[in-house]
Amino acid sequence: QTISTQKLISLGARFLNHYGIKNAKNEIEWFLQDLLHCDKIKLDDFNINNKQHNLVIDFLIQRSKKNPFQYLLGKGSFFGRDFIVDKNVLIPRPETEILINIIKDNKYNNLLDIGTGCGCLAITAIIEKIAVNADAIDISNPALRIAKKNAELLKINNIKFFNCDIMSDKPNKKYDIIVSNPPYISMEEYEVLYDEVKNFEPIIALTDFNDGMIFYRRLSKVLKEILNPNGVAVLEISHFFNTHTILDIFNNFSDIEFFRDLNNDHRAVKIINK
């Protein structure tokens, strides 16, 4: 017994729309393209067998519970490349690409990625020839395992991954460039996040269980010890932050610049160790 992809897309979209999934039709098409290893144009040529049908039904049920699309697909896109993701790592966001855009016209010898998650920042910096070598640290061993898999998948071998909690420890060397997308969501903001984020993505990658500023306060204390003279740190920040608060936290640095995202919100800060 088979069912046409068109019928499945139509029924599935109606089902997901009922559960408030706004991009339902596209998501089912993407899921089917991945399942059938084909592009959108070829989708109409397929009939779905029982085994495939069961996989689609499972996807629809999980998605209706707001399980993020990228986790169900097992990958998320960052800077034009697919990265393996699961519930142990934050799903890469388009906003985070701003960090790569800020540094992409420069060349650095060694990079440190703090809280690497799936490894997308460090790996992209190597592929784009922004950095020659990279160290990527995280406090989560499951996240580090995913990051290592992504480096293998993308054939990158000049990254070292290791467990390090920047809040209590630090690498014992200095870097030319430091990048980080830290947990900057305040506990107050965390409470009102979408279910897709709050119920599925790792809480330690999202919030500092406080006011969202703890990581930056810690970094302001150790940055000079892990950054070479004229070294650069580029950090993602919340669009809810007041830039004066960040300037106040990093008041021991004189060269600080803020960058806006496509919504014209402040989304990154660049600090030079002068």
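The values are calculated or read from the model by the stated rules, or taken from the named source; none is laboratory data. Here the structure is a predicted model, which is why all the values come from computation and not from measurement. Here the Cβ is made from the backbone with ideal geometry for all residues, glycine too, and neighbour counts use every protein chain on show. For accessibility, only protein heavy atoms count, side chains too; no ligands or nucleic acids. Shrake-Rupley method; radii C 1.70, N 1.55, O 1.52, S 1.80 Å.
Figures for the structure shown
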read-out: Some residue of the range 214-233 being at pLDDT below 95 and either open to solvent by less than 60 Å² (accessible area, probe 1.4 Å) or under 22 Å from ALA143 (Cα atoms) (or both); value: no
read-out: Residue among GLN62, GLN52 that is part of a helix (DSSP H, G or I), touching a helix residue (DSSP H, G or I) at 6+ places or on another chain (Cβ under 7 Å), open to solvent by less than 50 Å² (accessible area, probe 1.4 Å) and free of Cβ contacts under 8 Å to residues at least 40 places away in the same chain; value: GLN52
read-out: Neighbours by Cβ (under 7 Å, 6+ apart or cross-chain): first from the range 1-20, closer than 15 Å to ILE57 by Cβ; second surrounded by fewer than 13 Cβ atoms within 10 Å (Cβ to Cβ) and acidic (Asp, Glu); value: THR5/ASP44
read-out: Number of the exception - ASN109 against (1) at pLDDT 95 or above; (2) open to solvent by 20 Å² or more (accessible area, probe 1.4 Å); (3) in a helix (DSSP H, G or I); value: (3)
read-out: When residues of the range 236-257 are limited to those that are hydrophobic (A, V, I, L, M, F, W, C), touching a strand residue (DSSP E or B) at 6+ places or on another chain (Cβ under 8 Å) and open to solvent by less than 50 Å² (accessible area, probe 1.4 Å), the one nearest to ALA205 (Cα to Cα); value: ILE237
read-out: Any hit, the range 154-162, residues being farther than 18 Å from ALA125 by Cα, modelled with pLDDT under 95, open to solvent by 40 Å² or more (accessible area, probe 1.4 Å) and in a loop (DSSP other than H, G, I, E, B); value: no
